[in-house]
Amino acid sequence: MGARLRVFLTREEDKTLLNLRTADVPHKVKERADVIRLNAHGAYVEKIAAHFNWDTQTVRDVLHKWKKLGIQGLWELPGRGGKSKYKEEDIVFLEECLKREPRTYNSLQLAQKLESDCLRQSYA
């Protein structure tokens, strides 16, 4: 078991974190807020991790982020997740094709259509 890690909250911070449970925010943010509140109310890192089915290091990371960044540390940083592989003009082209041709495409067919159009443009 690691060293005891504990955060302390003011009444306002505790109320703000409690209000996040009913706010329109991502589920991860709500869970992180609950982790911080549980720790501030005396729960050990290991118990919190077991409750959320998380690794203890994940709980510690959330608590350290709270100490460092405050409430902003609850949200994901921008730029997380997969990046778009298509440019805006590719999307516009595909939307126009869908308007012109009354049929259904799957993602593979759309990718092939886009590729064939790019090849036509490179030879033109």
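Rg (Å, one decimal) plus Dmax (Å, integer) for the alpha carbons of region 11-74?
10.9, 29
Apply the Karplus curve 6.51 cos²θ - 1.76 cosθ + 1.60, θ = phi - 60°, to the phi angles in region 41-55 and return the couplings in whole Hz, x for Gly and Pro.
Running phi through 6.51 cos²θ - 1.76 cosθ + 1.60 with θ = phi - 60° gives 8, x, 6, 6, 4, 5, 5, 5, 4, 5, 4, 8, 6, 10, 6 Hz.
Compute the label zone of Arg4 within region 29-54: residues whose backbone N is under 13 Å from the point 7 Å along Cα-to-Cβ.
40-45
In whole Hz, with x marking every Gly and Pro, tabulate ³J(HN,Hα) for region 89-95 from phi via Karplus 6.51 cos²θ - 1.76 cosθ + 1.60, θ = phi - 60°.
For region 89-95, the Karplus curve yields 5, 5, 5, 4, 4, 5, 5 Hz.
Non-local amide H neighbours of Tyr44 (under 5 Å, H modeled in plane, Pro and chain starts lacking H): which ones?
The answer is none.
For the chain, what is one quarter of the convex hull surface built on the Cα atoms, given in nm²?
Over all viewing directions, the chain projects a mean Cα-hull area of 12.5 nm².
Please turn the phi angles of region 26-36 into ³J(HN,Hα) values with the Karplus equation 6.51 cos²θ - 1.76 cosθ + 1.60 (θ = phi - 60°), one per residue in order, whole Hz, x for glycine and proline.
With the stated coefficients, region 26-36 comes to x, 4, 4, 5, 4, 5, 4, 4, 5, 4, 5 Hz.
Which residues' amide hydrogens lie under 5 Å from the amide hydrogen of Val7, considering only partners 5 or more residues apart or on another chain, with H built in the peptide plane?
Ala40
FYI, it's all coordinate maths here, none of it is from the lab. The model shown is predicted, which means the values in this text are computed figures rather than measured ones. As a convention, Cβ positions derive from the backbone with ideal geometry for all residues, glycine included, and neighbour counts pool all protein chains shown.
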